[in-house]
Amino acid sequence: MGKIKIVFAIPGVYNYDDEKSASLQDMWGEDWAFNGVNTFAHLNHTKCLLNPEEHFDIGIIGLPFDTATSYRPGTRFGPRAIRAASQRQNSLRSFNFRAGYSPLLSWAKIIDCGDVPITPMDNHIALNQMTVAFDQLLNYTSNSELLFGKPPRYIALGGDHSILLPHLRALKKHYGKITVIHFDAHLDTWLPTSYPSFWHSNQSEFTHGSMLWMAHEEGLLSEKENNFHIGVRTRLSGSDSQDYDNDDLQGFKRIDADDVWLKGVEYVYNTVKNQISKQEPVYISVDIDVLDPGFAPGTGTIEPGGLLPRELIYLLRKFEFLNIVGADIVEVSPGYDHSEITATNAAQVVFEIMTSMTKKIDFEKNSFKTKTEKHQFLLKQQ
């Protein structure tokens, strides 16, 4: 784009004659937080499902789906709310002082992939749509050699928590079985018999509280018993701990909300670090109801006594050592939110996950002493 000479004056007030000239980008290319069409963090936007030739490294993808909920609906509007709440994030001010790193000015090309168009009429079709969408998205070519041989990585904006299942299905085809770190007030490994209904169908098994059980049944989860729930504090079914027994059989370890409070975030970090290796593929799933309702009122199934935002942010940052191949933030229901509190916390979750995703690879890239070491690192990513 050519340069233009800027000459303008406001008589008696201002006179400006810029002999250096400026481009239109210089003049009009920077937005304030409240300007423009909402994409996540003002990222460039493309409908990734319609543009398979687009090369990128991390995609923000919305899944506006909420017909697998068991209580308050409304999370189909979650992606829109999270994007709106992210508008103070942009490349001009993207340095994450907690991590000492800027994900939006990193090696990674990060874009907003828009939303998956999902029917609200039929959950059987909806699950198929999401499964096919993630299969397609994870067959794209990444932009950077640092993801050599692997597809772009996605952070999904929910939507209810059931959107995790189709994402894991697609990831397993590329990485093998996936280790899940699940921040949530609830187990989400509920058996279908845990729900109070005589009426049953195969489709009724797919809910926002059973998708981890389905993932286990489909063989998607790590068998090393490396999977974690963090922040659990829900009531259980019946009169005993059978739900926990079933959870144990599915390979999960539990760090409940009281552990985070009384034992501290360093205890949580060290427990995870001692269990999960730096190279195994990890999926981080954050249900916003892991936070105390005072910080996340805009969600479907609130539970008192949750985490503080600073505890969640700290842990996401400390998990930068993990090989995060996918992630989500789910269960934001803006109809119950106040002053964008819930959505703003959700947008911060995305920012922290983006930081940890990019920083790990950048750190390892810069630690190479020889081309051979770099080549060996790239081979490990295959």
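The values are calculated or read from the model by the stated rules, or taken from the named source; none is laboratory data. Bear in mind that the values here come from a model prediction, so they are computed numbers and not experimental data. Note that we place each Cβ from the backbone using ideal geometry, even for glycine, and neighbour counts take in every protein chain shown. Areas reflect the complete protein model, heavy atoms only, side chains present, ligands, DNA and RNA absent. Shrake-Rupley method; radii C 1.70, N 1.55, O 1.52, S 1.80 Å.
Tabulated values for the structure
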{"quantity": "Scope the range 237-255; condition hydrophobic (A, V, I, L, M, F, W, C) and either in contact (Cβ under 8 Å) with a residue 40 or more places away in the chain or crowded, with 17+ Cβ neighbours inside 10 Å (or both); matching residues", "calculated": "Phe252, Ile255"}
{"quantity": "For Pro103: the one exception among (1) under 25 Å from Gly29 (Cβ atoms); (2) touching a helix residue (DSSP H, G or I) at 6+ places or on another chain (Cβ under 8 Å); (3) open to solvent by 10 Å² or more (accessible area, probe 1.4 Å)", "calculated": "(3)"}
{"quantity": "Search result, residues across the range 147-164 that are open to solvent by less than 10 Å² (accessible area, probe 1.4 Å), in a loop (DSSP other than H, G, I, E, B) and touching a residue at least 60 places away in the same chain (Cβ under 8 Å)", "calculated": "Pro152, Gly159, Asp160"}
{"quantity": "Subset of the range 106-129 (residues that are open to solvent by less than 70 Å² (accessible area, probe 1.4 Å), without any contact (Cβ under 8 Å) to a residue 60 or more places away in the chain and assigned to a helix (DSSP H, G or I))", "calculated": "Gln129"}
{"quantity": "Output for the range 130-146, where each listed residue is closer than 28 Å to Ile288 by Cβ, of a type in the set (A, V, I, L, M) and in a helix (DSSP H, G or I)", "calculated": "Met130, Val132, Ala133, Leu137"}
{"quantity": "Unique match (being of a type in the set (D, E, K, R), within 30 Å of Asp135 (Cα to Cα) and surrounded by fewer than 17 Cβ atoms within 10 Å (Cβ to Cβ)) among Glu30, Glu53", "calculated": "Glu53"}
{"quantity": "Failed item in (1) surrounded by 23 or more Cβ atoms within 10 Å (Cβ to Cβ); (2) touching an Asp or Glu at 6+ places or on another chain (Cβ under 7 Å); (3) under 22 Å from Phe65 (Cα atoms); (4) of a type outside the set (Gly, Ala, Ser), with Asp188 passing the rest", "calculated": "(2)"}
{"quantity": "Test: residue in the range 165-176 that is in contact with a Leu (Cβ under 9 Å, 6 or more places away or on another chain), open to solvent by less than 10 Å² (accessible area, probe 1.4 Å), not in a helix (DSSP H, G or I) and not aliphatic (A, V, I, L, M)", "calculated": "no"}
{"quantity": "Residue list for the range 177-212, restricted to those being outside any loop (DSSP other than H, G, I, E, B) and over 20 Å from the mean Cα position of the chain (by Cα)", "calculated": "Pro192, Thr193, Ser194, Gln203, Ser204, Glu205"}
